[in-house]
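Structure record follows, encoded as structure tokens.
What follows is calculated from the coordinates using simple rules that are stated; it is not laboratory data. Note that this is a predicted model, so its numbers are computed, not measured. Cβ: placed from backbone, ideal geometry, glycine included. Neighbour counts: every protein chain shown.
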Amino acid sequence: MNNGSNRKETRRFGRKGNAIVEFSLAAALLVPCFVGIFEFGYAFYLYNVLVAGVRAGARYAALAKYDSATTTPTTAYQNAVKNTVVYGDPAGGTQTLLPGLATSNVTVSMQMVNNVPDMVKVTINSFTVNTVFRRLQWTDKPAASFRFEGTFAPTGGN
């Protein structure tokens, strides 16, 4: 009888060791999966914040007064659009939508048809995002285009 109780104890201790080994093998596979999912989700979140900012800037640009006679927008027009993208306000601000985002990362272009504004395009250029484990650089992304529906009142100069 004594011999039988030793076998039960051996089986019980052996199972505890198996659980530790199984956990370490599973953790070695699951932790990188969870880290990858987190990294992808965070990068996706940051990109969506940029998309929302670019769309807001393009909408503002499509409805604002365009005061240039050429495809090159005036400085005041560009600054208002860029501030809308970066700060969420045409007047500017102090808190950017994303850390490191600057007005220099925003490009505003106007397409003219018969010397009248037709389409406005707002794009993010050369913006580097530091996610948790790596750096991502987005060039010409995201971009948004809207048909111009604002007031066209050229002043003659840029």
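Once Lys and Arg get +1 and Asp and Glu get -1 on their Cβ, which of Leu30, Val120, Ala52 lies farthest toward the positive end of the dipole of the chain?
Leu30
How compact and how long is the range 85-158, expressed as Rg and Dmax of its alpha-carbon atoms in Å?
15.3, 50
Between Thr72 and Arg134, take the C-beta separation as r, use R0 = 41 Å, and let me know the FRET efficiency to the nearest 0.05.
FRET efficiency, Thr72 to Arg134: 0.65.
Summing Lys, Arg as +1 and Asp, Glu as -1, what charge do residues with Cβ under 13 Å from the Cβ of Leu46 carry, Leu46 excluded?
Taking every other residue near Leu46 into account, the sum is +2.
Relative to the present Cα-Cα distance, how much length would full extension add between Met112 and Ser24 at 0.36 nm per residue of separation?
This chain segment gains 25.4 nm when fully extended.
Work out, step by step, the length gained on full extension between Asn48 and Thr151: first 0.36 nm times the residue separation, then minus their alpha carbon distance; give nm to one decimal.
The span from Asn48 to Thr151 would gain 34.1 nm if fully extended.
Within the range 53-158, report the chymotrypsin sites (Phe, Trp or Tyr not before Pro) that DSSP leaves as loop and that have at most 11 other Cβ atoms within 10 Å.
In loop regions of the range 53-158 (DSSP not H, G, I, E or B), the sparsely surrounded chymotrypsin sites (Phe, Trp or Tyr not before Pro) are Phe133.
So what are the ³J(HN,Hα) numbers for the range 42-50, from phi and the Karplus equation (6.51, -1.76, 1.60; θ = phi - 60°), rounded to whole Hz, Gly and Pro as x?
For the range 42-50, the Karplus curve yields 5, 5, 5, 4, 4, 5, 5, 5, 5 Hz.
Counting only pairs 8 or more places apart or on different chains, how many lysine pairs in the chain have C-alpha atoms closer than 28 Å?
Lysine pair count for the chain: 7.
Which of the trypsin sites (Lys or Arg not before Pro) across the range 121-158 are loop residues per DSSP, with 13 or fewer other Cβ within 10 Å?
Hits after loop and neighbour filter: Arg134.
Mind pulling up the Rg/Rh value for the chain? Radius of gyration and Kirkwood radius, both on Cα.
Checking Rg against Rh, the ratio lands at 1.46.
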